[in-house]
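The values are calculated or read from the model by the stated rules, or taken from the named source; none is laboratory data. These numbers come from a predicted model, not from an experiment. Here Cβ is always computed from backbone atoms with ideal geometry, including for glycine, and neighbour counts include all displayed protein chains. These accessible areas exclude ligands, DNA and RNA; they are computed on the full protein's heavy atoms, side chains included. Shrake-Rupley method; radii C 1.70, N 1.55, O 1.52, S 1.80 Å.
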Amino acid sequence: MREALRARFGELPPAEVWRETAAGTAQDLGAGPESVKGIEELVRRVMRYESRFRADGLLPPEGRVTTTVAYDYGRAVNLARWGLSARFCTPHEAEQATVHAGALSKPAYRSWEEYSAGYILGRVLRFDDEEYGPYYETALDAHRLLAQSEGSPWRNIPSR
């Protein structure tokens, strides 16, 4: 919703406009009062996480996460791995699923760092409950390692 508002008006919407538009759209689509409240709280949570991401260097000072599809595609890759381990697919089929997930995620991100921030936001929204515990800390550590290490794929393989 925030990106749709940005595209429509040419600038990022104020937080209140984003929250109210998301909640209003959910209500217009038939969501009940509890779901509408949930949408409003989700927008607030995303904003708090992004603030923390900026403080921790996961996002640049004015950065934001535009999509969390990286988390979804990451889960798809895990599912392919589990399917291979359980012998529900061949190595070739698992590889095809992994490559396909990567291809789907490419247009959504301009860099490995953006991909990582999207993945981490999806992960913490699912598991962390604003504790900034192991689900956040381990992902942040991996992000920093990949961003700073000379031998990192992020420094040696183009993201696009």
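Taken about its Cα centre, segment 44-137 carries a charge dipole of about 200 debye when Lys and Arg each add +1 at the Cβ and Asp and Glu each add -1 at the Cβ.
Expressed in Å, the radius of gyration and Dmax of the Cα atoms of the chain are 17.5, 51. The calculated FRET efficiency for residue 103 paired with residue 37, based on their beta-carbon distance and R0 = 35 Å, is about 0.40. To put it simply, the accessible area of the chain at a 1.4 Å probe is 54 percent carbon and sulfur. Along the charge dipole of the chain, pointing to its positive end and built from +1/-1 on Cβ of Lys, Arg, Asp and Glu, which listed residue (35, 96, 1) has its Cα farthest out? Of 35, 96, 1, it is 96.
Projecting the Cα atoms of 86, 135, 67 onto the charge dipole of the chain (Cβ charges, centred on the Cα centre) puts 86 farthest toward the positive pole. Put a plus charge on the Cβ of each Lys and Arg, a minus charge on the Cβ of each Asp and Glu, and nothing anywhere else: the dipole of segment 1-104 about its Cα centre is then about 240 debye.
On the beta carbon distance between residue 156 and residue 20, with R0 = 41 Å, the FRET formula returns roughly 0.40. Its Kirkwood hydrodynamic radius, worked out from the mean inverse distance over all distinct Cα pairs, puts segment 100-159 at 12.4 Å. From the mean inverse distance of alpha carbon pairs (Kirkwood) and the Cα radius of gyration, derive Rg over Rh for segment 55-112. Here the Rg-to-Rh quotient is 1.13.
What whole-number value in Å² describes the accessible area per residue of segment 47-160 for a 1.4 Å probe? All intermediate terms of the calculation are to be shown ahead of the outcome.
On the way: 7120 Å² over 114 residues.
Averaged over the residues of segment 47-160, the accessible area is 62 Å².
By the compact-protein rule of thumb, 2.2 N^0.38 Å, the alpha-carbon radius of gyration of segment 1-78 corresponds to a ratio of 1.22. As a rough guide to protection, the peptides 30-37, 125-132, 71-78 ranked by mean Cβ packing within 10 Å, highest first, stand as 71-78, 125-132, 30-37.
Relative to the longest principal axis of the Cα atoms of the chain, helix 33-55 runs at roughly 60 degrees.
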